[in-house]
Amino acid sequence: MTSLPAPSQLPPRPRLVDREAAIAELEALREDTTDAPITALITGSVGVGKSVLALSWAHMIRSHYPDGQLYAELRGHSDGAPASPQEVLGDFLHALGIPAELIPGDTAQRAALYRTVTHDQRLLVVLDDAFTAAQVRPLLPASPASITVVTSRYRLAGLVVQGARGVYIDRFDAAASLALLRDALGSDRLDRQLEAAAELVELCMRLPLALSVAAARLAGRPSWPIRAMVTALAEEQQALTIGDDVALRSALDLSYRALRPETARLYRLLALVPGSTFGGDAAAALAGIPRVEARRLLGELTDANLLTDISDGRCRFHHALVRLHAAQLVEAEDQREGAEGRLLAWYLATAARAERQLRPYRTGLPRDAEPSPAEPTDFGGPQDALGWLESERTNLSAAVTLAHARGREVMAWQLADAMWPLFLYMGHHVERVGVEETGLAAARAAGDLYGEAKMLNRLGLSLNDLGRYDDAVARFDEALEIWRRLGEREREAGSLRRLGLVAAGRGDRDAAIAGFTASIGIFRELGADRKAALGLIDLAGVLVTQGRGPDAVIHLEQARGLLRGVDDLYNRARVGILLGYAQVDHEQADRELRSALEMMNRLGSSVGRAAALEGLGELAQRTGRPEEACHCYEMALEVLGEAKSATYLRLRGRLDHLS
């Protein structure tokens, strides 16, 4: 069984000028062997290059940490909310090979699982732009062989008390500042205009970020005298109120005024993107321009050192202060409503296309998207669609909140609903509760009973997955009442089935069977074959736990017949796995499980693969083949990774019993 590659999340290596003393201090810290994980805390004022130092050093030492490199931007000083430890832990655990459906929802549980997973690993973790020690603590790996690099404007005394070692960096001296300019402009140009360059250094207050912005503008104008930049920058600063960021603000203003009008407009509008990263398609929708033009303009902004390339054509603002600068300008110079409407419409239309790729069998309400995107984004297949949903997850969640805040209620709840395939296949249980609660509020604000009931069902499923059974029942009961008022019998049956799922989760098998049986009857009456099949699968699962294998086989064969010809490989595989447990004929059970395993392999479902392997192990154990059973259980554990979930503990128990 092939293992997942070690995570390698570091952004591209930036250019580093000077900082030899800081690098030496960091190296001494790393070589100081202790019995506890090492935490290096890089602090300093705004714009002094904390992130550049952290990333440069991380790239220097990454080979010493073969189990992977994790990176998170904690957004301590962005224009939005700081990143939550819960959100970052979910991303880290997934990167370390834990299937999303096995990642717990509670922050404390995620932190405990993270400590377990990282206990024996050699990891390098970079946490950029931290706000508080409390934000950082849950993200520290447990292994003494690991190292964490944290950057913050604050000293974070709470971390220092716990053993973090501080490395403070200040703005450049004059020599280092000139070295940065020399690196960007070349020695010949700098040496010919050394006096003007020295004045530029002081106008930029020897801040690396301000110097980088100024140097980027000069590099793009090789014939422009440095003296002209000095004059322009001095004039900009005369119009500003003196403050800590006066040099940076004036450098940004000067670079902004040098942009072509269409590039400057996109720069301003990008501050409206609800997430922290964006690609060419989103930028095109936001500005209402062709994708080719949007990508060209993003390249110009990157060349101007206002944006940074991330990967796969995605960008982010070079610094939180650069985004704030753009946000102040968009407030002053643009109509937000039209741009936000275009962006939200693109998100909804694209999410709907992804949803159709992943769930082609689904019928229901068409997605509204007005104005419709001029260049909609399409996908080559389900894998591309799921990849897009995952890469845009943070932005999509923020877009739901933005649409609701702007009174675009129908768009908000429909976007929340269109995200369902992402949550179905990737988990993100806690995050999705927030999205669906916002979607529910939006549907209610719109007075849309259909949307309200759909969001109640979505939210109920999320709460059930988190084990919040009473809350889930309350949401399903509310949805059931609305469906009955609307005369939607098929939807009513769906709520009854969901109530059966809650009863099964609680261990109330009689109530679960009653709920499933009632829903199956309505689905059959209405000719909803696929949904009847899902109810039969759920019913069979309960019967298997009761030891009623022959009864379960009858229902599973009926489900298989109803799913024949339906593009739903996942549930056809589920039928095979349950038949492997229910069949009395051992050879037939083996064939069913192996066929299901092959289907789950094609889908890439780690939980599905583990379930099929566990079934094969259980069958081998039942038929007196303990070595084969051990092999299957070990393979299932490998698929699951090091997750100490109920499934993991059950498999470990099976192995311990056999040995």
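The values are calculated or read from the model by the stated rules, or taken from the named source; none is laboratory data. This is a predicted model, so every value here is computed, not measured. Positions of Cβ are generated from backbone atoms using ideal geometry, with glycine treated the same way; all protein chains shown enter the neighbour counts. For the accessible areas, the whole protein counts, side chains as well, though only heavy atoms, and no ligand, DNA or RNA atoms are used. Shrake-Rupley method; radii C 1.70, N 1.55, O 1.52, S 1.80 Å.
Some notes on this structure:
- No other residue among ASP312, ASP368 is at pLDDT below 90, closer than 30 Å to VAL566 by Cα, open to solvent by 50 Å² or more (accessible area, probe 1.4 Å) and of a type in the set (Asp, Glu) apart from ASP368.
- Test: GLY439 is in a loop (DSSP other than H, G, I, E, B), within 23 Å of the chain's Cα centre (by Cα) and touching a residue at least 12 places away in the same chain (Cβ under 8 Å): no
- Only one entry of GLY49, GLY76 meets the criterion of being under 25 Å from ALA134 (Cα atoms) and at pLDDT below 85, and that entry is GLY76.
Condition check ((1) in contact with a Cys (Cβ under 9 Å, 6 or more places away or on another chain); (2) among the hydrophobic types (A, V, I, L, M, F, W, C); (3) outside any helix (DSSP H, G or I); (4) within 24 Å of TYR570 (Cα to Cα)) across all residues:
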site	(1), (2), (3), (4)
VAL410	no, yes, no, no
LEU424	no, yes, no, yes
ASN457	no, no, no, yes
GLU481	no, no, no, no
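- Residue within region 116-129 that is over 19 Å from ALA72 (Cα atoms) and either in contact with a His (Cβ under 7 Å, 6 or more places away or on another chain) or of a type outside the set (D, E, K, R) (or both) present: yes
- Flag for GLN383 being within 27 Å of GLY90 (Cα to Cα), at pLDDT below 80 and part of a helix (DSSP H, G or I): yes
- Filtering TYR570, TYR633 for residues that are open to solvent by less than 10 Å² (accessible area, probe 1.4 Å), of a type in the set (Ser, Thr, Tyr) and more than 18 Å from LEU543 (Cβ to Cβ) leaves a single hit, TYR633.
- If you go through region 150-198 and keep only what is of a type in the set (S, T, N, Q) and surrounded by 14 or more Cβ atoms within 10 Å (Cβ to Cβ), you end up with THR151, SER152, GLN162, SER177, GLN193.
- Residue selected from region 287-303 under the condition open to solvent by 50 Å² or more (accessible area, probe 1.4 Å) and under 26 Å from the mean Cα position of the chain (by Cα), by the criterion farthest from LEU266 (Cα to Cα): ARG291
- Test: residue in region 57-78 that is outside any loop (DSSP other than H, G, I, E, B), acidic (Asp, Glu) and under 25 Å from SER311 (Cβ atoms): yes
- When each of ARG491, ARG468 is tested for being open to solvent by 30 Å² or more (accessible area, probe 1.4 Å) and within 25 Å of ASP106 (Cβ to Cβ), the lone residue that passes is ARG468.
- Here the condition is being among the small types (Gly, Ala, Ser), over 26 Å from PHE523 (Cα atoms) and open to solvent by less than 10 Å² (accessible area, probe 1.4 Å); of ALA582, ALA589, it holds for ALA589 alone.
- Within region 26-56, tally of residues that are in a strand (DSSP E or B), more than 27 Å from CYS204 (Cα to Cα) and open to solvent by less than 20 Å² (accessible area, probe 1.4 Å): 2
- Just one of (1) over 21 Å from ARG491 (Cα atoms); (2) assigned to a helix (DSSP H, G or I); (3) without any contact (Cβ under 8 Å) to a residue 60 or more places away in the chain fails for LEU463. It is (1).
- Residue that is basic (Lys, Arg), farther than 28 Å from LEU343 by Cβ and at pLDDT 85 or above, where the choices are ARG192, ARG268: ARG192
- Matching residues in region 79-92 - criterion: being more than 17 Å from LEU466 (Cα to Cα) and open to solvent by less than 40 Å² (accessible area, probe 1.4 Å): ALA83, PRO85, VAL88, PHE92
- Residue check, GLY313 without any contact (Cβ under 8 Å) to a residue 40 or more places away in the chain, within 30 Å of PHE379 (Cα to Cα) and in a loop (DSSP other than H, G, I, E, B): yes
- For ARG560: the one exception among (1) over 34 Å from the mean Cα position of the chain (by Cα); (2) closer than 28 Å to GLN357 by Cα; (3) buried (at least 24 other Cβ atoms within 10 Å of the Cβ): (3)
- Close pairs from region 162-184: first farther than 21 Å from LEU203 by Cβ, partner open to solvent by 50 Å² or more (accessible area, probe 1.4 Å) and part of a helix (DSSP H, G or I), Cβ under 7 Å, at least 6 apart: GLY166/VAL160; VAL167/GLU25
Listed here are the residues, each with its yes/no results for (1) in a helix (DSSP H, G or I); (2) over 25 Å from GLU31 (Cα atoms); (3) open to solvent by 10 Å² or more (accessible area, probe 1.4 Å); (4) free of Cβ contacts under 8 Å to residues at least 40 places away in the same chain.
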{"site": "ALA108", "(1), (2), (3), (4)": "yes, yes, yes, yes"}
{"site": "HIS119", "(1), (2), (3), (4)": "no, no, yes, yes"}
{"site": "VAL126", "(1), (2), (3), (4)": "no, no, no, no"}
{"site": "PRO138", "(1), (2), (3), (4)": "yes, no, yes, no"}
{"site": "THR148", "(1), (2), (3), (4)": "no, no, no, no"}
